[in-house]
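This is the structure I have questions about; it appears just below.
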Amino acid sequence: MYLKQRQIVLRTPGNPRTTTRKDLEWVCPDCDYFEEAEEEGT
């Protein structure tokens, strides 16, 4: 398994600006399994 980072672009109707968010998920290329990574909180 490896940790994959991707960017998600969020668009809000009526707002010309977009918001970009980073998302982390664990991916297993051998078994087609994935789950969102837990954020390390303080």
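The values are calculated or read from the model by the stated rules, or taken from the named source; none is laboratory data. All figures in this text were calculated on a predicted structure; none of them were measured in a lab. Glycine gets a Cβ as well: all are built from the backbone with ideal geometry, and neighbour counts include every protein chain shown. Areas reflect the complete protein model, heavy atoms only, side chains present, ligands, DNA and RNA absent. Shrake-Rupley method; radii C 1.70, N 1.55, O 1.52, S 1.80 Å.
Hey, among the residues in the range 12-40 that are in a loop (DSSP other than H, G, I, E, B) and modelled with pLDDT of 80 or more, which one's most open to solvent (accessible area, probe 1.4 Å)?
Arg17
Which condition does Met1 not pass, out of (1) at pLDDT below 90; (2) exposed (fewer than 10 other Cβ atoms within 10 Å of the Cβ); (3) not aromatic (Phe, Trp, Tyr), if it passes all the others?
Answer for Met1: the failing condition is (2).
Mind checking which pairs have a first residue in the range 20-37 that is of a type in the set (Phe, Trp, Tyr) and a second that is modelled with pLDDT of 70 or more and surrounded by fewer than 11 Cβ atoms within 10 Å (Cβ to Cβ), Cβ under 7 Å, 6 or more apart or different chains?
Trp26/Leu3
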